[in-house]
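For reference, the structure is listed below as structure tokens.
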Amino acid sequence: MMARSCPWRSLVMVLVAGLVGLASAPSRSFAQVAVTGRVVEARTGAPIAGAAVSVEGTQITVVSDTAGRYLLVRVPPGPQTLRAERLGFAVTRLGINVPARGTIEQVLRMAETPLALEGIMVTADVAGRARGELGTASVVGADAIRERTAATLAGVLELVPGMQLQAPGLEAIAQVGLRSAPTSGTTALGGGTTAADLASFGTLVVLDGIPLSNNANLQSLGARAELTFATAAGGGVDVRRIPAASLERVEVIRGVPSARYGDLTQGAIVVDTRTAAIAPEFLARYDPRSGELATVGGWAFANGGQAASFTFDAARTRTQPGLSDDHARRLAGQLAHRVTLGVQERLTMDTRLEAFLLDDDRPENSNVRVGRASWTRERGLRLSERARLDLPFDARLVLTGSYSRVEQNAYATSPRLRGAEPFTDRTTEGRAEGRFVMGRYDAEVNVDGVPQMIYSRLELAAERGWGGWQHELRAGSELRREWNAGAGYQFDMEFPPQATFNAVQGYDRPRRFDAVPPLAHSAFYIDDRLTRTLAGDVVLNLQAGLRVDMLHEAEWWLSGARDSRVQPRLNAELMPLSWLRLRAGWGAVAKLPTLGQLHPAPQYHDVVNVNWFANDPAERLAILTTFIKDPTNPQLGFARATKAEAGFELALPDGFIQLVGFSDRVSGGISLRQDLEFVLRDRYQLSDSTLGTGVPPRIVEPATRTDTIPVLVGRPDNLVMQRNRGLELIALLPQIRPIRTRLELQAVWMRSRLESDGYFHGRADRFSTFQLNETIPRTPYWLAGIEEGERVMATYRVVHHQPSLGFVVTAAIQHNIHDRQRDRTAVDTLAFEGFVTRAAERVPVPPEARGAPEYQDLRVPRGNTLIEPRSAPADWLATVQVSKTLPLSGRLSFWAFNVMDNPGEYAGPNTQRRVYPRMRFGLELSASTGAFGRLLP
Amino acid sequence: MRTRPRSADGGARSRRRQALRVAVLAVVFMGVPPRPLHAQGAPVAPAASQGAEWLYAWSPLAPLADLPRTVPGSAMAMPRLLTMPAPRVGLFWTAGNPAALVTEQGQGWSSLEAELSSADGDYRRPLDAGSERRTRALAQGWAAAGERSAAAGRLSLDQRTSRSPVHAAVAFPFGSSPLVIMDTAGSAMRHSAARVEGAGSVNLGRASLGAALGMDVQESRTLAAPVPRLIRVAAPAATVGVALAVPGTDRVQVGAHASWQRARQSVGLYSIGGATRVYQLSGYRDAPPMDLAGAFYNRDIQRESRAAGIATAAVVGGTTVVAFGEVASTSESHTSLQVLDPPSDDWSGEGLTYGIAAARAFLRDRLALHGTIRRAALEGTARLDESGDVIVFAAEEDRLEALLDARMRLHPWIFGFRVAGTRDMRVRIDSVAGMTARIESWTSAAAAEVARSVGTNLSLALGLGVASYKPAGSIPDPRPPGSLFLGYIGPELAFYGTDATAYSSTITAAWDTRGSATFFLQAEMGSVSPAGTSGFRLGPAVGASRTGWAVRAGATLKPPG
């Protein structure tokens, strides 16, 4: 597992050699396909000059002339998406099927609002490609984003296969996991890790070219906490911070990503926000629970050499109106500046400053939650710079750097009621006199962290024809350092907020986060996308790459590698016919551990030696011995995965069908391994224990006897395996012209299997009884279980579009056909694997011997597992949205989520209830000032 | 049984007055089409649909086999000379057949409107809110969508806040169905409702096909209450129709349409901070109470309605005449238990609506007349879960409505005049309690509005309206009355058994940009109060009244070109 050498050295040599070779090789003509035509105003047919026309996913861009004419050359064969942009007009996107040779003509029509355009795409574009990617992807363009009434990025991702429909709002933490089905979460994999956590943790979110990270988020109270607050720690990034109103484009790479992307196991979501010259736009959304105001705008100046833009969004959602005052709110904004410098404008500098505030407040409700309240607050700031230098020979060098900082504050309070329990606040090992905690008190806890990250990427990209292939080559390196600071996990030691603050299960002392060492990570990659036209106009696309990720031993990148992963990746696409694409991909990926996993909090075990509780406080005596267990695992490394997929795509005359099968295997996913250790408990005799003396008794040294208490130390380890398999079908059917209606079908079958090579020690109460009662010689243990989840769902989207009226109706029906969860664990009383002794040793018992009379005490039910498979009845959920243009480029949208107010199916004899969020509805109004600009003389 | 007191020779005189009213109604007046579901509160100022009933005739969400009980004597709506087009007549505009939109749409029109209104007072039904404030946004219009197709649409968002306690725990407590839920811990509430509906039709030569789809969604919730209440309604609806031009003439069209509606309402009461007593009303007897303390109460109400109608339109001597008829049925079930196949309380109704409408322009279109007569009859029965097939409540209801709208242009003046009358007959029988309510009411109303151009762009309008409500009949008077009857059932019956008078006035300013839009601002005031003493011991107090105001601002938009 450990790789102490630096394999990137050889990779760098290969990279350099490749680039030198490419740069020196003669360029050869390739794929002389040209696309030409005119850009015109949709209603009048007047030519539009100065429109930027491009082929999405490529660098091919031209500007239309005064007659609206454009010419795009060297357009890659196959389904492509033309894009036309001009200030004051909606972005026009048009899908075309490019043959292997020749020239095709295409008129691009533009209008003030996309609703007035034929062929508006309000669903994800399956024919479009993520830029520079050959793996399966869903591209959600600006039109589809504008047409979504979504509050966050999560709402936009509903357009991706396998995602659940949801109402716009900020109610719950939104973590996105690609290609995985939920499992039961019952079989005690340790540390509360679930399939959903692993999936969202392994899904990379890239915002404006820079990864968002949740690796340094330590806002967790741990397994021993009694109090709770909303936290995204341990899973993926909470995408509520990203307003949908600020988005320009979202690419969801579901398949094998190129070597450019690391720190993932599932897939990547690449998000571009709106920037550059945009006529100021305003958006207001309202529903009985939520409100949102957003604006975006940008101006070009200095003869177009510079542009500045801003986005601002304010949103608020009441999560349980009428029942409580719980609410979440968000303020988010971004300032961006772009300047083009140098001879022939070769250098482009993009500067962005992004800030957000995200609150989740659950105040006390005197009717329901007396004395209980919690809140979390995140205030984030990110400064990034991207410099792009265009080099000779169609090459470019891009340097990206960023610094991000998020202040995370969380608070929770709750009344606690305790019997008299001995207690110590000692923070070093050893014996000490303690106190007693008892009665009712208000426990409070604050967790204040400041996760920060510096990130840089240097990438060299070049496009060359070489050896009969057209190459798009990228090579680069990434450096990342993440750390946390702040007061950390703090509480009043007199009023502990933990479930069992003494003895057997360990106890978490207050801990400062700035004492946690940083995480240093570096990566190098090379990636080449090759295209070649074979005999018979058969087009072959390949994308091959190699990536090396390194987790460093110390705080900086010059230190040795604690772990490293070499990740080859390959995607292939064969286009035997212009309307058929056969595709397959395979690749290895890896995900960094979190700071909390690399540096877990020490676990304190306070063993009670003497517990003398007298009525008179002055006569009480508590003696405790503190042991500190370090759960750090020096062997902990990357979670590893392989991704594989195969499928085909059919381009219909006015539609598209895509079928993809995938198989993803995560090995070494991180969860807590319950290691057995023991602590010693000394027993003492007391002297002078007569009551009424006003003084406590004294212990008599030495100890009369000593026994052992086995304890479980939760140590993060790469012990979880997850396998996700499935099929994804997307069918965008041709529009039925007479009724101007189009149907899109997305159907997904997914099966996830989650297993661990750890152990399960039974219900907590049984194990703690064994720990404290020295007369119990042993207790059974089991192998950790296997969880399986299976999901079949289909989403039907019907889009009715009347361009002449600027009117679109989108109805989506999500049919949850099959949801089944199953635990593959032996549940009978012979299922135990062995027993744990008081010396903290595991003694296996062979299966054939488990029925013997001597093991009678071990034959107990396992618990914490599904005995029978659990399934939810099939049911469906419908949403509808109606949008209509208004004067001056305005738009009014009405939306209704769960429009039939379907609560879900009731449970049957062998099913669990399916619960749907109840109906929500609201309005969205948007307007652009671009129309005012056109009205001016 | 208690009969409304009459004067000594009241019998004969009353019969004469009644005969006269019938004659007048038959000649002149017209009925008001069903109002949108969420207009069933206790408004004083007329709802936005009033004064433009023809704009709502095509709504697939119009109640089927249901005659909601409105506030007696709601004042007559104004002609709305500056903010609405003149009334239209046709298969689409009168009978609600969406297929005819393409042939009757004429010049397109659309409007955006926002309204702020308020009403309060002690002249109200027990399940009404004492005071309400309402905010409403409305966008509607129609236009050609190509050479052979047309579309119409409407979107409204409505938010009402009732600061005074509301006891009704259902969204529509004043329909024909006697199955109503209420609780005693009345709380301030906020009601949010949205309605979106659209119609499209395509012409295929002599035939036209059309469909209308609509959706009504509502959410009502308490404001900081110890017993929170959550009510949600989701109601989709659809109408399909066909219209044919009679061969040999372009002046006669026949059409048929069918409608379907489904409404799902969920009611939740959560006694987490206090106690309440819930009643499931099913008639005039005291329903058994359900005491909630630290418990949840959930009730699911599902309603499904169907209708089929035919109509014909003809142009005879310059007059457009439309005759229409529609049969409808509805069934409603109330269930409480969250198990498979729960038992239910049921209401079913059968309705018949028919009528005639005519419109004609005179004096080179300077004078336009429009009249409608509509009759709606309904019979319904209720059965409870525990009663099996035994009918526990029956209703026979009959409403005859008539309206005449006249408007005349004498530049720079425009005059508008509307007269309307309604005869409403309701016989409602609680067969378990042996109590019958028989209330026949007459509402006559008139409104006049005058508008004048002031300069090139500005127009001003002033309107006044008056309405009179006179009931007759008998209401039950149980001895001894139960507390529920005394507090809720009896006062509502007495409310409908009491004379009332309503007044309203409007002032409107409109600014025509001479481009594509006319912006307007309108203020409206209204009041309604019982006329004289009630005569019933549970009737409204002497001097009771309800007043309200509304301010509307918006724009009407002309089609491009």
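The values are calculated or read from the model by the stated rules, or taken from the named source; none is laboratory data. Owing to the predicted nature of the structure, the values given are computational and were not obtained by experimental measurement. No Cβ is skipped: glycine too gets one built from the backbone with ideal geometry, and neighbour counts run over all protein chains shown. When the accessible area is computed, the model is the full protein with side chains, heavy atoms only, and any ligands, DNA or RNA have been set aside. Shrake-Rupley method; radii C 1.70, N 1.55, O 1.52, S 1.80 Å.
Using a cut-off of 11 Å between beta-carbons, work out the net charge of the residues near A:Tyr286 (Lys and Arg +1, Asp and Glu -1, A:Tyr286 not included).
Around A:Tyr286, the charge tally is 0.
Please compute the net charge surrounding B:Ala225, taking Lys and Arg as +1 and Asp and Glu as -1 over other residues with Cβ under 13 Å from its Cβ.
Net charge in that neighbourhood comes out at +2.
Classify the range A:377-530 from the C-alpha gyration tensor, please: rounded if a/c falls under 1.5, else prolate or oblate depending on whether a/b exceeds b/c.
prolate
Pairwise over distinct Cα atoms, reciprocal of the mean inverse distance: report the Kirkwood radius of the range A:553-598 in Å, one decimal place.
The Cα-based Kirkwood calculation yields 14.3 Å.
Mind jotting down the distance between the C-alpha centroids of the range B:384-399 and the range B:308-380, whole Å?
23
With the convex hull built on the Cα atoms of the range B:261-359, state its orientation-averaged projected area in nm².
9.9
Going by alpha carbons, how many degrees (0 to 90, nearest 10) lie between the helix axis of A:8-24 and the longest principal axis of chain A?
Compared with the principal axis, the helix lies near 0 degrees.
Mind putting a number on the dipole of the protein assembly as shown about its Cα centre? Charges go on the C-beta only, +1 for Lys and Arg and -1 for Asp and Glu, and I need it in Debye to the nearest 20.
Result for the protein assembly as shown is approximately 3520 debye, rounded to the nearest 20.
Measuring with a 1.4 Å probe in the full set of protein chains, what accessible area per residue, in whole Å², belongs to the range B:311-360?
45
With a/c under 1.5 counting as rounded, go ahead and sort the range A:191-325 into rounded, prolate or oblate using the C-alpha gyration tensor (a ≥ b ≥ c being the square roots of the eigenvalues; past the cut-off, prolate if a/b is larger than b/c, else oblate).
In terms of gyration-tensor shape, oblate.
Give the residue from A:Gly45, A:Pro510, A:Ala907 lying farthest towards the positive end of the charge dipole for chain A; charges sit on Cβ (+1 for Lys and Arg, -1 for Asp and Glu) and the dipole is referred to the Cα centre.
So the residue furthest toward the plus end is A:Gly45.
When the gyration tensor of the protein assembly as shown is built from Cα positions, what are the square roots of 5 times its three eigenvalues, in whole Å, from largest to smallest?
Listed largest to smallest, the semi-axes of the protein assembly as shown are 63, 47, 27 Å.
Per DSSP H run of n ≥ 4, the term is -39500 (n - 2.57); total these for chain A, divide by its residue number, and report the mean residue ellipticity at 222 nm rounded to 500 deg cm²/dmol.
Using -39500 (n - 2.57) per qualifying helix, the result is -1500 deg cm²/dmol.
At 1.4 Å probe radius, can you tell me the per residue accessible area of the range A:397-498 in Å²?
Each residue of the range A:397-498 exposes 37 Å² on average to a 1.4 Å probe.
Report the one residue of B:Val315, B:Leu91, B:Leu367 whose Cα lies farthest in the direction of the positive end of the charge dipole of chain B (charges on C-beta: Lys and Arg +1, Asp and Glu -1; origin at the Cα centre).
The listed residue farthest towards the positive side: B:Leu367.
Can you give the Kirkwood hydrodynamic radius for the range A:781-848, in Å, rounded to one decimal and based on Cα pairs?
17.2
Whenever you get a sec, line up A:Thr149, A:Thr351 from highest to lowest accessible area (probe 1.4 Å, protein heavy atoms).
A:Thr351, A:Thr149
Ranked from the most accessible area to the least, with a 1.4 Å probe and all protein chains present, what is the order of B:Trp549, B:Trp511?
Largest accessible area first, the list is B:Trp511, B:Trp549.
What total accessible area, in Å², is buried where chains A and B meet, using a 1.4 Å probe and rounding to the nearest 100?
Summing both chains' loss of accessible area gives about 2900 Å².
Tally up the carbon and sulfur contribution to the accessible surface of the protein assembly as shown as a whole percent, 1.4 Å probe, everything protein left in place.
The C+S portion of the solvent-accessible surface of the protein assembly as shown is 58 percent.
Taking each residue in B:215-222, count the Cβ atoms of any other chain within 10 Å of its Cβ, then average. What number comes out?
Counting other chains' Cβ atoms within 10 Å and averaging over B:215-222 gives 6.
Let me make sure I get this right: for the range A:51-170, a, b and c are the square roots of the gyration tensor eigenvalues over alpha carbons, sorted descending. Under 1.5 in a/c it's rounded, otherwise prolate if a/b > b/c, else oblate. Which is it?
oblate
To the nearest 20 debye, what is the magnitude of the charge dipole of the range B:114-190 about its Cα centre, counting +1 on the Cβ of each Lys and Arg and -1 on the Cβ of each Asp and Glu?
Using Cβ point charges on Lys, Arg, Asp and Glu, the range B:114-190 gives about 120 debye.
If amide hydrogens are placed 1.01 Å from N in the peptide plane, which non-local residues have theirs closer than 5 Å to the one on A:Ile242?
Residues meeting the amide H criterion: A:Leu153.
At a probe radius of 1.4 Å, what is the per-residue accessible area of A:Val256, in Å² to the nearest 10?
Accessible area of A:Val256: about 0 Å².
What whole number of Å gives the distance from the Cα centroid of the range A:631-676 to the Cα centroid of the range B:210-231?
Between the Cα centre of the range B:210-231 and that of the range A:631-676, the gap is 43 Å.
To test your reading of the geometry: what angle, between 0 and 90 degrees and rounded to tens, separates the Cα axis of helix B:10-27 from the longest principal axis of chain B?
Around 40 degrees separate the two axes.
List the lysines whose Cα lies under 28 Å from the Cα of B:Lys558, skipping any in the same chain that are fewer than 8 positions away.
By straight Cα distance, B:Lys558 reaches A:Lys884.
Averaged per residue, what accessible surface does the range B:93-137 expose to a 1.4 Å probe, in Å²?
Heavy-atom SASA per residue in the range B:93-137 reads 31 Å².
Distance between Cα centroids, the range A:699-737 to the range A:581-622: provide it in whole Å.
13
Roll a 1.4 Å probe over the protein heavy atoms and report the accessible area of A:Tyr916 in Å², nearest 10.
Approximately 20 Å² for this residue.
Compare each residue of the range B:245-281 in its chain alone against the assembly with all protein chains, and report those whose accessible area goes down by 30 Å² or more; 1.4 Å probe, heavy atoms.
Buried by 30 Å² or more upon assembly, which counts only protein chains, are B:Arg264, B:Ile272.
Run the reach check for A:Lys629 against lysines, Cα to Cα strictly under 30 Å, same-chain hits fewer than 8 apart removed. What comes back?
A:Lys591
Are there any residues in the range B:124-159 with a reduction of at least 40 Å² in accessible surface when going from the isolated chain to the assembly of protein chains? Probe 1.4 Å, please list them by number.
B:Ala145, B:Leu155, B:Leu157
Please name the residues of the range A:785-807 whose accessible area, counted over protein heavy atoms with a 1.4 angstrom probe, falls by no less than 10 Å² between the chain alone and the full protein assembly.
Buried by 10 Å² or more upon assembly, which counts only protein chains, are A:Gln802, A:Ser804, A:Leu805.
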